[in-house]
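A short worksheet on the structure shown next.
The values are calculated or read from the model by the stated rules, or taken from the named source; none is laboratory data. These figures come from a predicted structure and were not determined experimentally. Every residue, glycine among them, receives a Cβ derived from its backbone with ideal geometry; neighbour counts consider all protein chains shown.
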Amino acid sequence: MTWVSITTAAWLGILTAISPCPLASNVAAISFIGRQLHSKAAILFSGLLYTCGRTLTYLALGFLLSSGALASGELSRFLQKYLNEILGPLLILLGMILLGLIGAGLSIQMAGEGIQQKASKNGALYAFPLGVLFALSFCPVSAGLFFGALIPLSVSSDSSVLLPALYGIGTAIPVVVFAFLIAFSSKWLGKAFNSLNHIEFYVRTATGIIFIGAGIYYSLVHIYGISFATQ
Amino acid sequence: MQFSEKHKKLITNLLLAFVLVSIGFALGKHSVVAKTVNSNMTAASNGGRTTADRLVKIFYMHATFRCITCNSIESKAKQLVEHDFANAWSSKKILWEEVNFQENEVLAKKFDVAASCVVVAVVQGNDILEFNRLDDVWPLLEKPAEFDAYIRDAVKKALNKASGE
């Protein structure tokens, strides 16, 4: 394994993140990670968990594919066919939970508080499954770069762990950086106008709306087959 | 802006209805017996040539969801073939076909397609004699000269094989 393959793997990840096709899920992830304006540590923790979710997913897939346990073509076609269809309704439901439209009474019996309150308190923890979910939802660009470029590179470099992991980190870094930028600019705005609580409320609400918007978009495109010019 | 409880309930019900209808639509779509897609090339799609002719057929394999980058790969590859192999293109020794690999599972399996890509094949009648799947179109998209050379070489080799050289 050379430095060229190491930098190529990371670059392929960044290229995946900045390409237009995963834009909707990236915007949702940015708003989810960056919504905790009150604490830098919470944003950092959330960002790290999101990165871990993505990285571990690509690492597991990379290991299974490189070792020959799974067939690249069949796995890719399965994920592209079904995951993106599941993602739409799921994002809408998650957005509704974030907005408190549903879930307020679902877990009262179990823990004494609703899903939405839990999500607000322990929101950072949900960044991990979100990273896993978004990593598995391959769009044409991420499928092309991961299955068509990264996996052959991993096989030829005899690196079924490091290169997929670097690719995963590469896909998450732009998202986490943007989450920080947006969180701090929102916080600065809140302080400048002496209304941090209001800004926090709007950012939390915007996160729920973005999830619902992204969910409707995914449903229209992947379930109903409607195409948009900006894809 | 604060919503009243009535508005919240309305929005919640509309969104839940959309979710349920979408899930139902998706399940319905998959439960319909997959239509038999004629994976083999028809005489018409071979430009009406006789089955004895060996031709080069370039398949652009794409998913149902078409992205900007995928469309760009398709148009760049097609323009290159039309321009650099103008004679073979106009005499229909090179054919181009778009295939949705999520619908045409037979071809998707035959070419072992993992993502949108270009496949250059030598065909005779309805038979695919050999093929070359060009996965590197993705990483080479940022390098136009290498992308062009990659496609050009694959088509040249296929043309040579088709003409028996």
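Details
- Qualifying position, being out of contact with any Cys (no Cβ under 6 Å at 6 or more places or on another chain) and in a loop (DSSP other than H, G, I, E, B), among A:Leu37, A:Leu12: A:Leu37
- When we screen A:Ala41, A:Ala10, A:Ala24, A:Ala60 for residues that are out of contact with any helix residue (DSSP H, G or I) (no Cβ under 7 Å at 6 or more places or on another chain) and over 14 Å from A:Leu136 (Cα atoms), the only hit is A:Ala41.
- Matching residues, segment A:118-147, being of a type in the set (A, V, I, L, M, F, W, C) and part of a loop (DSSP other than H, G, I, E, B): A:Phe138, A:Cys139
- Among residues that are within 14 Å of chain A (Cβ to nearest Cβ), in contact (Cβ under 8 Å) with a residue 60 or more places away in the chain, surrounded by fewer than 18 Cβ atoms within 10 Å (Cβ to Cβ) and acidic (Asp, Glu), B:Glu105 is included.
- Meets criteria (closer than 30 Å to B:Phe18 by Cα and among the hydrophobic types (A, V, I, L, M, F, W, C)) for A:Ile210: yes
- Out of A:Val132, A:Val175, A:Val161, sole residue that is modelled with pLDDT of 80 or more, of a type in the set (Val, Ile, Thr) and farther than 27 Å from A:Leu23 by Cβ: A:Val161
- All positions within segment A:13-46 that are more than 11 Å from every other protein chain (Cβ to nearest Cβ) and among the hydroxyl-bearing types (Ser, Thr, Tyr): A:Ser25, A:Ser31, A:Ser39, A:Ser46
- Some residue of segment A:17-28 being free of Cβ contacts under 8 Å to residues at least 40 places away in the same chain and surrounded by fewer than 20 Cβ atoms within 10 Å (Cβ to Cβ): yes
- Yes/no for A:Tyr217 being free of Cβ contacts under 8 Å to residues at least 40 places away in the same chain, within 14 Å of chain B (Cβ to nearest Cβ) and either touching a Ser or Thr at 6+ places or on another chain (Cβ under 8 Å) or not small (Gly, Ala, Ser) (or both): no
- Check on A:Leu65, in a helix (DSSP H, G or I) and touching a helix residue (DSSP H, G or I) at 6+ places or on another chain (Cβ under 9 Å): yes
- Here A:Ala10 clears all of (1) within 14 Å of chain B (Cβ to nearest Cβ); (2) without any contact (Cβ under 8 Å) to a residue 12 or more places away in the chain; (3) small (Gly, Ala, Ser) except the condition numbered (2).
- Close pairs from segment B:59-72: first within 7 Å of chain A (Cβ to nearest Cβ), partner surrounded by 24 or more Cβ atoms within 10 Å (Cβ to Cβ) and of a type in the set (Ser, Thr, Tyr), Cβ under 9 Å, at least 6 apart: B:Ala63/B:Ser116; B:Arg66/B:Ser116; B:Cys67/B:Ser116; B:Thr69/B:Ser116; B:Cys70/B:Ser116
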